[in-house]
Amino acid sequence: MEKLKQNPIVKKLGLNRILLVCILVLMFVVFKVVLGSKFPVGDSIKSTLNYVYFLGFLSLGVTFVIATGGIDFSIGPVMFCCALVSGYCMTSYKVPCVAAMIICVLIGLAFGIFNGWLVSYLSVPAFIVSMASMNIAKGIASVFTKTQSVSWPQSSDPVNGWFRNIVSYKGIPVGLIFFLIMAVLCGVVLYNTKPGRYILCLGSNTEAVRLSGVDTKKWNMLAYVICGFLVGIGALFFVATYTTVQPGYGDQYNNEAIAGCVMGGTSMVGGLASIGGTVIGVFIISLLQQGIMAFGLGKGQQMIITGIIVIVAVYADVSARRRKN
């Protein structure tokens, strides 16, 4: 194992990422062999990508928060709130599609600012803040839409049908391109900029960073702001893929986004984050969901399996840190 770790290619790519890619490929092969015609290759890849588009942005966002040692369980409901409120503005108040898209992102950004301010400047525990924001997001969406579901434009819409092109254009997976570009940008910010380095340092030792003269509150808040912004973008890709959104939902995507993040190598205690690992982890979670549905399992079973994955991923992270220490 030590010789493998010292291999130049392995050191460059990272052993954890290589193992995750192997798991992803193995999962796809197993699903195909076991399920056969119930797991058609083309449709399965398309469905997996559709899931990746929105879940990927949630996972990228929560990676920044977890890197600080914080947590955000509100990302799923906030994503639905963004999609519902902005979509309702378009369908009921005739707001132009472009304006509705901007509103969607701004709502996510507003929640990021709100969460970051409470956690960073008022010292409210991140767990409590995220739980409260989750309920606030659900409440705002239900009140604003009068508990009605909201549908965004179909591709056949002569005026706003172009909106769907952010996911797929003439068979080209544009959504995947957007997601990978955003992942690269997140990697650059996290590893090659001062704010990113401070965010990682906060997760390692907040007090030491504060004593060195760094404004820890500002950089801690920035992580939540970035998360909120990416959640707003994720909402756009959700409605561009699935069209209709219903109030009161979104909780299930919290665990899935966090699972993809932690599975990819981001430590739940902060200080260590892997954007590349998050990307691969999101693909694994998304493929797993398609496999579960192909087996004919319901939402309840999906939630159980996702919960188990979160526990295993966190336990693996804790065990690895104990061995290192």
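The values are calculated or read from the model by the stated rules, or taken from the named source; none is laboratory data. As the structure is a prediction and not an experimental result, all values here were calculated from the model. Ideal geometry is used to build each Cβ from the backbone, glycine not excepted, and the neighbour counts take in all protein chains shown.
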>> Looking at (1) crowded, with 22+ Cβ neighbours inside 10 Å; (2) in contact with a strand residue (DSSP E or B) (Cβ under 7 Å, 6 or more places away or on another chain), which one does residue 261 not meet, given that it meets all the others?
In response: (2)
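Could you run through region 144-159 and say how many residues are part of a loop (DSSP other than H, G, I, E, B) and within 9 Å of residue 88 (Cβ to Cβ)?
Of region 144-159, the ones part of a loop (DSSP other than H, G, I, E, B) are 146-149, 152-159.
After this cut, where a residue has to be within 9 Å of residue 88 (Cβ to Cβ) as well, the list is 146, 148.
Number of matching residues: 2.
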>> Exactly one condition in (1) in contact (Cβ under 8 Å) with a residue 40 or more places away in the chain; (2) surrounded by 17 or more Cβ atoms within 10 Å (Cβ to Cβ) is false for residue 246; which is it?
In response: (2)
> Just checking, how many residues over region 177-194 are touching a residue at least 40 places away in the same chain (Cβ under 8 Å) and either part of a loop (DSSP other than H, G, I, E, B) or buried (at least 16 other Cβ atoms within 10 Å of the Cβ) (or both)?
Replying inline: 7
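From the list 225, 188, 159, 150, pick out the single residue that is among the aliphatic types (A, V, I, L, M) and touching a strand residue (DSSP E or B) at 6+ places or on another chain (Cβ under 9 Å). I'd like the intermediate steps shown before the answer.
On the way: 225 fails: touching a strand residue (DSSP E or B) at 6+ places or on another chain (Cβ under 9 Å); 188 fails: touching a strand residue (DSSP E or B) at 6+ places or on another chain (Cβ under 9 Å); 159 fails: touching a strand residue (DSSP E or B) at 6+ places or on another chain (Cβ under 9 Å).
Only one candidate qualifies: 150.
Within the bounds of region 168-175, is there any residue that is among the hydroxyl-bearing types (Ser, Thr, Tyr), assigned to a helix (DSSP H, G or I), buried (at least 19 other Cβ atoms within 10 Å of the Cβ) and at pLDDT below 95?
Here is the first cut: in region 168-175, the ones among the hydroxyl-bearing types (Ser, Thr, Tyr) are 168-169.
Narrowing the set further to residues that are assigned to a helix (DSSP H, G or I) leaves none.
No, region 168-175 contains no residue that is among the hydroxyl-bearing types (Ser, Thr, Tyr), assigned to a helix (DSSP H, G or I), buried (at least 19 other Cβ atoms within 10 Å of the Cβ) and at pLDDT below 95.
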> Among 39, 73, which is within 25 Å of residue 172 (Cα to Cα), hydrophobic (A, V, I, L, M, F, W, C) and surrounded by fewer than 24 Cβ atoms within 10 Å (Cβ to Cβ)?
Replying inline: 39
>> Return the residues of region 95-131 that are assigned to a loop (DSSP other than H, G, I, E, B) and of a type outside the set (A, V, I, L, M); say none if nothing qualifies.
In response: 96, 121, 123, 125
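So for region 195-205 (the condition being in a helix (DSSP H, G or I), among the hydroxyl-bearing types (Ser, Thr, Tyr), over 23 Å from the mean Cα position of the chain (by Cα) and at negative phi), does at least one residue qualify?
Checked against the condition, which is being in a helix (DSSP H, G or I), among the hydroxyl-bearing types (Ser, Thr, Tyr), over 23 Å from the mean Cα position of the chain (by Cα) and at negative phi, region 195-205 yields no hits at all.
Restricting region 40-55 to residues that are touching a residue at least 24 places away in the same chain (Cβ under 8 Å) and small (Gly, Ala, Ser), which is farthest from residue 278 (Cα to Cα)? Give the steps one after another, and end with the answer.
Going through region 40-55, the residues touching a residue at least 24 places away in the same chain (Cβ under 8 Å) turn out to be 44, 47-55.
Then keep just the ones that are small (Gly, Ala, Ser); that gives 44, 47.
Working: 44: 21, 47: 19 Å.
Among those that are touching a residue at least 24 places away in the same chain (Cβ under 8 Å) and small (Gly, Ala, Ser), it is 44.
Inside region 124-138, can you point out the residues that are touching a helix residue (DSSP H, G or I) at 6+ places or on another chain (Cβ under 9 Å) and more than 15 Å from residue 81 (Cβ to Cβ)?
To start, the set of residues in region 124-138 that are touching a helix residue (DSSP H, G or I) at 6+ places or on another chain (Cβ under 9 Å) comprises 124-126, 128-130, 132-138.
Result: 124, 125, 126, 128, 129.
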